[in-house]
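Structure first, commentary second.
The values are calculated or read from the model by the stated rules, or taken from the named source; none is laboratory data. Bear in mind the structure is a predicted one, so any value in this text is a computation, not a measurement. Counting neighbours? That spans all protein chains shown, and the Cβs are built from the backbone with ideal geometry, glycine included. Accessible surface areas use protein heavy atoms only, side chains included; no ligands, DNA or RNA. Shrake-Rupley method; radii C 1.70, N 1.55, O 1.52, S 1.80 Å.
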Amino acid sequence: MLEVKDLHVTVEDKAILKGLDLTVNAGEVHAIMGPNGAGKSTLSAVIAGKEGYEVTQGTILFEGQDVLEMEIEERARAGLLLGFQYPIEIPGVKNIYLLKAALNAQREARGEGEIPAPEFMKLVREKSAQMQMDPSFLQRAVNEGFSGGEKKRNEILQMLVLEPKLAMLDEIDSGLDIDAMKIVAQGVNSLRSAGRAILLVTHYQRLLNHIEPDRVHVLVDGRIVKSGDKELALELEARGYEWVLEESVA
Amino acid sequence: MSAPERFLKRLNARRGEDPSWVAARRQAGAARFEALGFPTRRDEEWKYTDVRRIAEGDFALATDAEFDATRFDAQRLDIDAYRLVLVDGRFNPGLSELDGLPAGVSIEPLSQAIEANHEAVGGALGRLAGVDFSPFTALNTAFADEGAIVRLAAGTVVDKPIYLLMLSRANDQPVMSHPRVLVEAGARCEATIIEHYVGEPEAANFTNVVSEILLDRGAMIDHYKLQEASLADLHVASIHIEQGRDSRFNSFNLNLGGALVRNDLVTELNAEGAETHYNGLFFVQGRQHVDNHTLVNHNAPRTFSNENYKGILDDRAHGVFNGKVMVKRDSQQIEAYQNNANLLLSDRAEIDTKPELVIYADDVKCSHGATTGQLDENAVYALRTRGIDEPMARALLTLAFAGEVMEQVRLSAVAERVERAVAGRLPERFNLSDLVETAEAVQEA
């Protein structure tokens, strides 16, 4: 589904990603772990299309399409969705506006008509209940005045409504207490399906107790230096990142 | 013939006998208008607003007040209210609903007050809005023969909004109207007053309205001005407010329509504890021009004012904000806050903004600020990452900008109307109106 090959990215002339390779297949959950500054967030931002990142080499293919040639909104409509580490506050834009406009944009791209109002209302009520969000949240401006946990739940709510093919979650666990973590993990786990892939970017192993990955990758200094199954995450938790780095250099 | 002469000849052609107090007022207004003439851009108060389109026009006076009932229903706000309707400045009793007024509430058309030779009304009219205020006030004073006289006895809490609806028709010959609104709110009374200006899309008339609102001790008035005139209408208005002790005034000055619009809002905070809130929103497109001049006079200690005006300007539209706060020397411990934010959607739109604080007291809390800018690019990005294309993202953020003023609106019929109007002005394919309706439906469910 997602194929990243030899990806090199610079930010303000500083090399951040230095030849990153990653393949994610439908139905899989991948976790990318690594120390601070390794380039974890850069990877998801480049895939989502954030400005300020220059791809100097390499390719990103999503279902065979060249992602780097696509507009930001085209990527989302194709099914690539990024959950932000720091969800952006959008004063005045009600959650419900965002959800409906985004859903309709996606449907339009697929050649479907706008979602009928009753169906939409049923959908958003159901999904907000699943994320334990009061319906009044729908009337509130996107993320404005939300607590850290509410913002992250809101990111997952958007995923549940928009049903991406590839959900990328950047440090979705940061700033969450254990209860919020469980709600978020439950939301993410409900997204798991044979046709969908999930890419978790995280600093800590703790999230992976709640969302069990199929593959774990260690990103250090702009490259994936080690991949393994979920046991690798536990080992990282116990031993830190140093040994991986030493091993990769050796 | 000079422009003032051309306007005033219509006055001489008016039929009917006036009581002496009315005749005297007309004479004073006409004399003052003739002496002043129309303002030009050399006048500091009119620096950014050129009124030649008015001065060079030839406007008749409407002779009837007919309006198609079906179209009327489409134009009016759908609210349960005491309603007084003027059509091109003439009273339409059939469309008005003034039955069953509660005790302590009087709403009458100005023509009736004149006919009844109601001198008490004559005594109050013009006390706040004198003929020296501006040439347009003088012109209004000369012509005013219709409008709304609202009197609320002390302690009255009015159960429904008082809705003054001014309709402008598409006439073969453009007309002018000079409505006059007077509200006398007795001590501790509470009421909501709506002045709504709307009309047929092809209307090209000149409306020149003067409103005077007096709040006695402890009175609380919410005042809405909703201006949705046609894009060819010319609209000049001044609203004058006087507040007594512990009174509170909430103003919503919402302007969407009109080719050329000038609003003056002047408040006298005359006694301790008086408090005013100015909320303003305008959205202009094409070549629309909207000028808002506001003034708050803190004439007494411990008075409070808060002003928040927002403008959205597209195409080659032009906006003016001139907000002045004046604190007299002995007006200690006052608070005055003022903010003006403008959103430019086009490179060719123009805003002239001038916040002014003039403070002669030393123990005060005041702040003011003006910002003019474009949309938050981070927010545009965030919306695009959800699949919303860039023009739609910008439209949503524009709606949101207006929403910050509309959140203060307590009358949901007004808030929804404005939100839908703003949404409706953004490109149709965005179908923002549908979003607004969905949000309303979810809220109600």
Report Rg/Rh for the range B:114-200, rounded to two decimals, where Rg is the Cα radius of gyration and Rh the Kirkwood radius. 1.01
Which of rounded, prolate or oblate describes the range B:3-271 when judged by the alpha-carbon gyration tensor and an a/c cut-off of 1.5? rounded
Hey, what did chain B get for relative contact order, percent, Cα under 8 Å, at least 6 apart? 9
At q = 0.10, 0.18, 0.22 Å⁻¹, what is the log10 ratio I(q)/I(0) for the range A:1-105, with the Debye formula run over Cα points and no solvent? -0.32, -0.98, -1.32
Debye calculation, C-alpha points only, no solvent: report log10 I(q)/I(0) for the range A:100-250 at q = 0.18, 0.21 Å⁻¹, in the same order as the q values. -1.10, -1.34
Relative compactness, the range B:212-255, computed as alpha-carbon Rg over 2.2 N^0.38 Å: 1.42
Would you mind getting the accessible area per residue of the protein assembly as shown, heavy atoms of the protein chains only, 1.4 Å probe, in Å²? 40
Based on the mean of other Cβ atoms within 10 Å per residue, sort peptides B:327-333, B:42-48, B:339-345, A:25-31 so the most packed one is first. B:339-345, A:25-31, B:327-333, B:42-48
Multiply the residue gap between residue B:12 and residue B:377 by 0.36 nm, knock off their C-alpha separation, and tell me the result in nm, one decimal place. 125.5 nm
Per residue of A:73-84, other chain Cβ atoms within 10 Å number on average 3
Is there a pair in A:50/A:230; A:50/A:165; A:18/A:182; A:94/B:354; A:40/A:151 whose C-alpha atoms are over 25 Å apart, and which pairs would that be? A:50/A:230; A:18/A:182; A:94/B:354
Tally the DSSP beta bridges in chain A and give the antiparallel ones as a percent, rounded to 5. 55
Summing both sides, how much accessible area is buried between B and A? Use a 1.4 Å probe and give Å² to the nearest 100. 2800
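Of the beta bridges DSSP finds with both residues in the protein assembly as shown, what % are antiparallel, to the nearest 5?
On the way: 32 of 185 bridges.
Beta bridges within the protein assembly as shown, antiparallel portion: roughly 15 percent.
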Within 10 Å of each Cβ in A:85-92, the average number of Cβ atoms from other chains: 5
Using packing as a proxy for protection, rank B:279-290, A:104-115 so that the peptide with the highest average count of other Cβ atoms within 10 Å comes first. B:279-290, A:104-115
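Report the local net charge at residue A:11: Lys and Arg +1, Asp and Glu -1, summed over other residues whose C-beta lies under 11 Å from its C-beta.
Computed value for this residue: -2.
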Rounded to the nearest 20 Debye, what is the dipole magnitude of chain A about its Cα centre when Lys and Arg each give +1 and Asp and Glu each give -1 at the C-beta? 680
Once Lys and Arg get +1 and Asp and Glu get -1 on their Cβ, which of A:172, A:142, B:243 lies farthest toward the positive end of the dipole of the protein assembly as shown? B:243
So what's the net charge close to residue B:201: Lys and Arg +1, Asp and Glu -1, counting the other residues with Cβ under 13 Å from its Cβ? -2
A:10, B:49, A:56, reordered so the largest accessible area comes first (probe 1.4 Å): A:56, A:10, B:49
Between residue B:408 and residue B:333, what length comes free when the chain is fully extended (0.36 nm per residue of separation minus the Cα-Cα distance, one decimal in nm)? 24.4 nm
For the range B:83-185, what relative contact order do you get, as a whole percent, if you take Cα pairs closer than 8 Å and at least 6 residues apart? 42
Summing +1 per Lys or Arg and -1 per Asp or Glu among the other residues with Cβ less than 11 Å from residue B:384's Cβ gives -2
Cα centroids of the range B:318-370 and the range A:30-105: how far apart, whole angstrom? 41
Would you mind classifying the protein assembly as shown by shape? Square roots of the alpha carbon gyration tensor eigenvalues, ordered a ≥ b ≥ c; an a/c under 1.5 is rounded, otherwise it is prolate if a/b is larger than b/c and oblate if not. prolate
Taking the range B:1-53, the equivalent ellipsoid from its C-alpha gyration tensor has semi-axes in Å, biggest first, of 27, 13, 8
Between residue B:41 and residue A:57, the FRET efficiency computed from the C-beta separation at R0 = 60 Å comes out, to the nearest 0.05, as 0.50
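Provide a whole-number value for the mean count of partner chain Cβ atoms within 10 Å of the Cβ atoms in peptide A:101-108.
Whole-number average of other-chain Cβ neighbours for A:101-108 is 6.
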Between residue B:171 and residue B:367, what FRET efficiency follows from the Cβ-Cβ distance if R0 is 60 Å, with the result rounded to 0.05? 0.80
Do the sum for chain B: with -39,500 (n - 2.57) for every DSSP H run of n ≥ 4, divided by all residues, what is the mean residue ellipticity at 222 nm, to the nearest 500 deg cm²/dmol? -7500 deg cm²/dmol
Using a 1.4 Å probe on the protein heavy atoms only, what accessible surface does residue B:197 show? Give it in Å² to the nearest 10. 10
List, by residue number, every residue in the range A:115-151 with a reduction of 50 Å² or greater in accessible area between the chain on its own and the complete protein assembly, 1.4 Å probe. A:121, A:139
The size of the Cβ-based charge dipole (Lys, Arg +1; Asp, Glu -1) of chain B about the Cα centre, to the nearest 20 debye, is 860
